[in-house]
Amino acid sequence: MIHIDVEKRDGAYTFFKSAGHAGFAGVGEDIVCSAVSILVINTANSIMSFCRDAVSVDADDAKGEISIRFDETPGHDATLLMDSMMLGLGGVAEEYKDFVKINFQEV
């Protein structure tokens, strides 16, 4: 199962982590894992490429983990990208409830 943790402070993103493997299908054929991966990786790359926010992105391919940590309150563009990613991840989690779990936390 893929576990997604989202932390916000006063409604602003502070931290995001996606960890694990969906287990929907075999390696190279898992559409759930692929959907989550492309949404998360594209968002991380877009924030680093197009936004001026201080952000740390860490990944561990072996564990299937990627995290995004904002050092300061994210600006409008980074927030829009995160909201867009969460919209997509929410759709995947709704369709594949047994394979993706999203946990929101206010910190």
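Observations
- When each of VAL27, VAL100 is scored by the number of other beta-carbon atoms lying within 10 Å, the sequence from fewest to most is VAL27, VAL100.
- Take the Cα of ALA62, step 7 Å toward its Cβ, do the same at ASP5, and the gap between the two points is 2.0 nm.
- The angle separating the long axis of helix 31-50 from the principal Cα axis of greatest extent in the chain is about 20 degrees.
- Debye, to nearest 20: dipole size of segment 16-107, +1 on Lys, Arg Cβ, -1 on Asp, Glu Cβ: 40 debye
- Computed from backbone phi, the HN-Hα couplings of segment 98-104 come to 7, 10, 9, 10, 10, 10, 9 Hz, rounded to whole numbers (Karplus: 6.51 cos²θ - 1.76 cosθ + 1.60, θ = phi - 60°; Gly and Pro given as x).
- Average projected area [Cα convex hull, segment 2-106], square nanometres: 6.1 nm²
- Folded to 0 to 90 degrees: helix 76-95 orientation relative to the chain principal axis, Cα: 20 degrees
- Residue order for HIS3, HIS76, fewest other beta carbons within 10 angstrom first, comes to HIS76, HIS3.
- For the pair segment 1-45 / segment 71-87, the C-alpha centres are spaced 15 Å from each other.
- Amide H contacts of GLU65 (H built 1.01 Å from N, under 5 Å, at least 5 apart or other chain): GLY20, ASP60
Read-outs: derived from the displayed coordinates by stated rules, not from any lab. As the structure is a prediction and not an experimental result, all values here were calculated from the model. When we count neighbours, we look across all protein chains shown, and the Cβ atoms used for this are built from the backbone with ideal geometry, even at glycine.
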